[in-house]
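What follows is a single structure, written as structure tokens, with notes after it.
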Ligand code: AMP
Ligand code: MN
Ligand code: MN
Ligand code: MN
């Protein structure tokens, strides 16, 4: 069965509407899909039934661990559970305040109307750095979103505001309170030493984390082997997903990635 447990819609920083995203997934042969927008479940409010494709309620929470930004995916969460809903309300307030702070910093670098620009790209969705990146591209300041992150928004740059997120264990708690499965997202993207990543996995598991993404989009088979070994070592279930955001990323599509080794316990066991 083709599955994808990590992708984004216009409810956060993706460019396809939830409906367009589900259609694209179905066209690509995906049979089980989780839309995991940043800090919101709004995509699930607007979706008509799609026979042939099972939707798993998902979300990608922003949090911090040892002052570093970390993402935790929650799958099979209840949409109307109070703890998670209140948590997501808080995340929305954090994102709004953070956007103001990012905008102030960008203005100091001579960028024109960054908040208005980013808001226009975010629309109804939760605002984030990719929306600032799109504004920087549209206003001609940089040539690509990648360059926007490299120069203005990425780690250590002016727009890297990250002191605001809840702690890792809080994010895990919200997901578990909503009956969901807590998954450490894309462990390869944190640029951690192996020692630090192992410390993160140990704490994540000890506070209720149940799975890790062994595969996130396109990655080397070396990386998959490394992640699979960590998954076994920490007794976690394995999750996987494209982390698809938009069709213009031609090297990546929803449902398009290689699967982890078959001996790992798949994350869907935890809700079936
Ligand atoms: P935020 O949620 O505001 O912290 O923004 C994080 C999002 O920015 C990620 O989910 C990616 O979609 C995007 N992102 C992070 N780093 C980069 C990068 N180097 N180039 C392009 N997009 C990035
Ligand atoms: Mn994103
Ligand atoms: Mn992420
Ligand atoms: Mn993501």
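A few notes on this one:
- Scope region 13-40; condition within 16 Å of ligand 1 (Cβ to nearest atom), in a loop (DSSP other than H, G, I, E, B), within 24 Å of residue 270 (Cβ to Cβ) and out of contact with any helix residue (DSSP H, G or I) (no Cβ under 8 Å at 6 or more places or on another chain); matching residues: 36
- Test: residue in region 194-206 that is part of a loop (DSSP other than H, G, I, E, B) and touching a helix residue (DSSP H, G or I) at 6+ places or on another chain (Cβ under 7 Å): no
- Restricting 220, 193 to those that are farther than 30 Å from residue 134 by Cα, surrounded by fewer than 17 Cβ atoms within 10 Å (Cβ to Cβ) and more than 16 Å from ligand 1 (Cβ to nearest atom) reduces the list to 193.
- Condition met for residue 43 (modelled with pLDDT of 95 or more, farther than 20 Å from residue 153 by Cα, assigned to a helix (DSSP H, G or I) and within 16 Å of ligand 2 (Cβ to nearest atom)): yes
Residue-wise test of (1) within 16 Å of the chain's Cα centre (by Cα); (2) over 29 Å from residue 228 (Cβ atoms).
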position: 137; (1), (2): no, yes
position: 186; (1), (2): yes, no
position: 196; (1), (2): no, no
position: 201; (1), (2): no, no
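- Residue in region 80-93 that is touching a residue at least 12 places away in the same chain (Cβ under 8 Å), in a helix (DSSP H, G or I) and closer than 30 Å to residue 141 by Cα present: yes
- Residue match in region 59-68 (condition: modelled with pLDDT under 95, within 14 Å of ligand 3 (Cβ to nearest atom) and out of contact with any strand residue (DSSP E or B) (no Cβ under 6 Å at 6 or more places or on another chain)): yes
- For region 1-29, a residue qualifies if it is buried (at least 23 other Cβ atoms within 10 Å of the Cβ) and away from ligand 2 (no atom under 16 Å from the Cβ), and the qualifying residues are 22, 25.
- Counting residues in region 178-186 that are touching a strand residue (DSSP E or B) at 6+ places or on another chain (Cβ under 7 Å), assigned to a helix (DSSP H, G or I) and modelled with pLDDT of 95 or more gives zero.
- Selected residue (criterion: farthest from residue 13 (Cα to Cα)) from residues of region 136-156 that are touching a residue at least 24 places away in the same chain (Cβ under 8 Å) and part of a helix (DSSP H, G or I): 152
- Per the listing 216, 258, 242, the residue uniquely within 15 Å of ligand 3 (Cβ to nearest atom) and in contact with a helix residue (DSSP H, G or I) (Cβ under 8 Å, 6 or more places away or on another chain) is 216.
- Applying the criterion of being within 16 Å of ligand 3 (Cβ to nearest atom) and in contact with a strand residue (DSSP E or B) (Cβ under 9 Å, 6 or more places away or on another chain) to the residues of region 146-163, the residue that is modelled with the lowest pLDDT is 162.
The values are calculated or read from the model by the stated rules, or taken from the named source; none is laboratory data. Only a predicted model underlies this, so the values are computations on that prediction, with no experimental measurement involved. Using ideal geometry, Cβ is built from the backbone for each residue, glycine included, and neighbour counts are taken over all protein chains shown.
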